[in-house]
Each structure stands twice: as C-alpha cells, then as structure tokens.
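Working notes for the structure below.
The values are calculated or read from the model by the stated rules, or taken from the named source; none is laboratory data. It should be emphasised that the depicted structure is a prediction, and the values quoted were computed from it without experimental measurement. Cβ placement follows ideal geometry from the backbone for every residue including glycine, while neighbour counts extend to all protein chains displayed. Side chains are part of the model used for accessible areas, which takes the heavy atoms of the whole protein and leaves out ligands, DNA and RNA. Shrake-Rupley method; radii C 1.70, N 1.55, O 1.52, S 1.80 Å.
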Amino acid sequence: MDEKFVPQQYDSDEELEGDISDLSDDDQMDGSEWAGDWGSLPDVCLRHLFGFLADRDRRSADLTCWHWHAVMLSPSLWRYRFFYFSGRLSKFRQSEYSSAVAYARSVGVYLERLEVCVYPPRKSLVARRLEQTISGLLSELTRVKAPLQSLSIVKLELDRTPWLPSLRNSLVNCLIEFLYRGGAKLSSVCLNGMRNHLSHGLELLSALAHSQGRLSPQCYISSLDLRGFFSGSVHVYMNADMPSILRQLKDLTHLSLSYSCVSDELLMALQHRYPSRDGNPLQTLSLHCSLNEPHQQLVFGRSWETLASSYPKLKVKFTVDQVINTNWLARILLPEIPLTEFSMTAFYSADEDWSAKPLLSCLLPQYRRSLQYLTIDLSNCSESLDGELLELVKACERLEELRVWAFLDMSTVERLLHIRLTQRSLLNKIRVRIYSISDDTGAQDEQLEQILSSHPHLPAELQFYVMVYPFV
C-alpha cells in the first residue's frame, strides 16, 4: 500500500522555511522556476490535476511552492478516500493505524465518502491490528465531526476464527457508537461481507435506523448494501426483528440483501415502510443467493405481487452463485417477481445430475417482459445449450445487455447477431466468451473472423464482443 499523505500545516513562515531547508540545493526552487508554465495554471485546473495524484505525489506537490500548498488544502481534494487494510506491518511504511488516524485528524473535516476494504485476517494478531486501525479511524472521524455521506466497509468476515470474541465485540461496538454519534448524515451505507452473528447484526441495523431518525427528513439513508452482512449459517428469514428494523428506513430507495433475509414478512415491511405516500418509493431491490447461505425458505408469490403493485417502477436484481438445483431455483425465481437483471455463475461437473435447460427454457422466459440484463457463466461441457439460449434471447422483449460465458457452437454467435439485426433493436451490448477444451483454438478464431467479416457495417450503437477462451 502506498504511503498515506497528510497535507502539511504551517503556522508560520519559519516552519515552512525549516521544512524546505531539509531539501538539497537543487530542490530549493521557487514555484515559478520549478513549475514553469504550471505556475500560471488557475486553481480550478490545479485541483482537477491534483485529484489524479497518489498520496506520495501529492506530498511532493504540496512542498513545491506556497501556491500549490494552498491549493492542496482545498476541501474538494479530500472529500473521498479509499483505504485498503491488511493488518500487516512493514518497516518501509507507516503503520496503517498511524496513517489512517493522521489522515482523519488532518482532513477528516472535509471527508464525505469513505471506502474501506479489508483483507480478511488469518491470524488473531492481524485481526487485532485491523480492529485497532478501523476503530481508531472511526473514532477520529467522530471527533472531528466528519461530514460523511457515504460509508463502505467490505470484507470484514467477522465469522472467521482469527476474530476473537473480544475483538469482534470491540469493533462492532465502535461502529455502533460511530453510527449513533457521527452517522446521522449518512445517505449511503455498504457493509458487504461483514458476516455478523445475528445479535451483532441486529444491533448495527438498529443503530443505523436510529441515526436516520435523528435528522430525518433532512438526512436519511437512501442506499443500503447488506449482502453477506450476516454469517452464512444464520437463518435471518426466521427472525422477526429484521423486517421491523427495515420498516423504519422510510426513505430507502436502493436495498441489497442476501436471499437468506427474504421472507413474506420482510416483503410486507418494505411495502409498509411509511403510513403515507409522501416518502421515497423503493426503486431497486438487489438479492444475492449463494449456495453456502440458507435459500430454501418458502416465499409466496402473492407477497412479491403485492410489493410490485405498491412500487410499479421497482427493479429486482438477482445474483445466483452456485445454486444449480432446479427445484431450489424454481422456489426462488417466482413469476410474480419484477425481475430486470439476472446474473448466474454455476460450475458443475459432468457427473452431476443437473441441467441448465430448465432455467433457460422455463424459468427465465417468465420474465420476458421485464428482463433487461442477463449474465450467465456456465461450464456446460456435457450438454448443449445453444438452442435454449437463442430462444430465450428471442423471447425477452426488453433485453438490452447479454453476457454469456459457456461452451457454445460458433454458429450461435452468428445467429445471435442475426437476432439483434433483425428482431431486437434494444439489445446493444453483447459479450460472449466461448469456452473451449481444445488446446488449439486457432480454428475457432478463424471461424469467428469469418463471421465478423461478413458483417462489416454493424450499427454504431451496438457493442459486440466475442472471444474464444481456453477452459481449464
């Protein structure tokens, strides 16, 4: 990770001169001599250029001259920050805790968007460092009253063994305190991959709802990402508190959940989030269904139908990972869902008793009037799906984007192109990766070139991309 930059604060000319005196004679230049024409650039241009610099380069630019130093202190340069924490020590760099806290102490008063990505720890000592770093950062942001509007902390994975109960409790309590004291202005929160136990997760969501209630309607949470928020072993759909808490988020417009949270009660809570219709309607509901999380609960189609009638413009997005059992998929993909986007990854071996044909020919055609984006990644080496895929594309009236990674015949590419040119004018993004088990893909590449050369004048709005990819 690059060294974190904290802009230099000088209280007097003597401090600045003392800092510059440490430089070599060649480096001690005035701004106009060193920068040349750069010194005449207006501040708005400099701020735009400085926004592309890494922290180390910003530090160098900050020491160039008084003018650049003043521009470097512009609040617009410090409204967004991304941290990647691994919990590892390096003798060549400042510790993650020191750099994060120093950053928050110096420019946290300007910070509006914070993204933190964590490398999941494998040792308790590393987890301890991560807890200290994240807790220190949040505490300092609370102290300086950072005007955070967006907070993202992903991949904590608190159900891992290195997260000892004391560390887990400390980190969760620190985040709860931050939400109570400094999170009142948040409008977007992402806690993807946190993997909480049920009690910790509900406490965090309660704090989130409380922070919204303090300043609503001036400040409210409109976007909430809770994919992987609970541990994979938790049957969240059986808990009655989850729908009750989500009911309090009255102005939520974009919600992302693991399918393990979905129940009839939750869909009803989303429908009745406020007694009147003066709030913001739910616009997007994104659901992630994983093989390692509970997904066999019974949800009635009537609940989906009622939710869709309450929000006519609601878009439901499904991401399915490794759930290849047709009966399970039929229980999940109910025809009443206003599905606009479907993405599926399903790797299966030849000896498994499963076929993707029911998905392509029976389940997905249910959404032929709503489906707009389709992504499928299948290792279908034991069965041909070319015909089913082409019929699905023909059936989907509103399909705009198609991404397919599968074993396909090269003629399917030409037929897809023909469908687009003659029937589906909305389908302007086609990405096809054809898997091949042959070491020599030259023949297939030649076939592909012949197909593309026969259509030299494709529509300008059409993004058509096909490649042959060796399957390992």
Original post:
Can you give the helix-only mean residue ellipticity at 222 nm for the chain, where every DSSP H stretch with n ≥ 4 adds -39500 (n - 2.57) and the sum goes over all residues, rounded to the nearest 500 deg cm²/dmol?
Top reply: -11000 deg cm²/dmol
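Measuring with a 1.4 Å probe in the full set of protein chains, what accessible area per residue, in whole Å², belongs to the chain? Provide the component values of the computation, followed by the final result.
Numbers: 23140 Å² over 472 residues.
Solvent-accessible surface per residue comes out at 49 Å².
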**OP:** Would you kindly give the portion of the calculated P(r) for the chain that falls above 35 Å, as a percent of all Cα pairs?
**Re:** 48 percent
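From the C-alpha coordinates alone, can you work out the Kirkwood hydrodynamic radius of segment 282-405, in Å?
On the way: mean 1/r = 0.0668 Å⁻¹.
Evaluated over segment 282-405, this radius sits at 15.0 Å.
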Original post:
At a 1.4 Å probe, what is the % contribution of carbon and sulfur to the accessible area of the chain?
Top reply: 49 percent
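Given +1 on the Cβ of Lys and Arg, -1 on the Cβ of Asp and Glu, and no further charges, what dipole in debye does the chain carry about its Cα centre, rounded to the nearest 20? Before the final figure, lay out each step's value.
Working: 47 positive and 58 negative charges, 445 e Å.
Charge dipole, the chain, about its Cα centre: 2140 debye, nearest 20.
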Subject >> Residues with amide H under 5 Å from that of Tyr435, placed H, sequence gap 5 or more >> reply: Ala406, Phe407, Leu408, Tyr469
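Going down the list Lys123/Lys145; Lys250/Lys315; Lys357/Lys429; Lys185/Lys317; Lys91/Lys123; Lys123/Lys155, which pairs span over 25 Å between their C-alpha atoms?
On the way: Lys123/Lys145 33 Å; Lys250/Lys315 18 Å; Lys357/Lys429 23 Å; Lys185/Lys317 27 Å; Lys91/Lys123 20 Å; Lys123/Lys155 16 Å.
Listed pairs above 25 Å: Lys123/Lys145; Lys185/Lys317.
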**OP:** Show the residues, 5+ positions off or on another chain, whose built amide H is closer than 5 Å to the amide H of Ile376.
**Re:** Met344, Arg403, Val404, Trp405
Subject >> Shape box of segment 46-141 [Cα atoms, principal axes, largest first, Å] >> reply: 46, 28, 19
**OP:** Based solely on C-alpha atoms, express the radius of gyration and the Dmax of segment 351-472 in angstrom.
**Re:** 14.4, 44
Subject >> Estimated dipole of segment 303-454 in Debye, rounded to 20 [Cβ of Lys and Arg +1, of Asp and Glu -1, Cα centre] >> reply: 1020 debye
Subject >> Karplus (6.51, -1.76, 1.60) ³J(HN,Hα), θ = phi - 60°, over segment 136-146, in Hz, Gly and Pro reported as x >> reply: x, 5, 5, 5, 5, 5, 5, 5, 7, 6, 4
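Mind listing which trypsin sites (Lys or Arg not before Pro) in segment 304-403 are in a DSSP loop and have 11 or fewer other Cβ atoms within 10 Å? Before the final figure, lay out the partial values.
Details: sites: Lys313, Lys315, Lys317, Arg331, Arg368, Arg369, Lys394, Arg398, Arg403; in loops: Lys313, Arg368, Arg369, Arg398.
The qualifying sites are Lys313, Arg369.
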**OP:** Only loop residues by DSSP count here, and only those with at most 13 other Cβ atoms within 10 Å; note down the GluC sites (Glu not before Pro) in segment 408-472 that meet that.
**Re:** Glu461
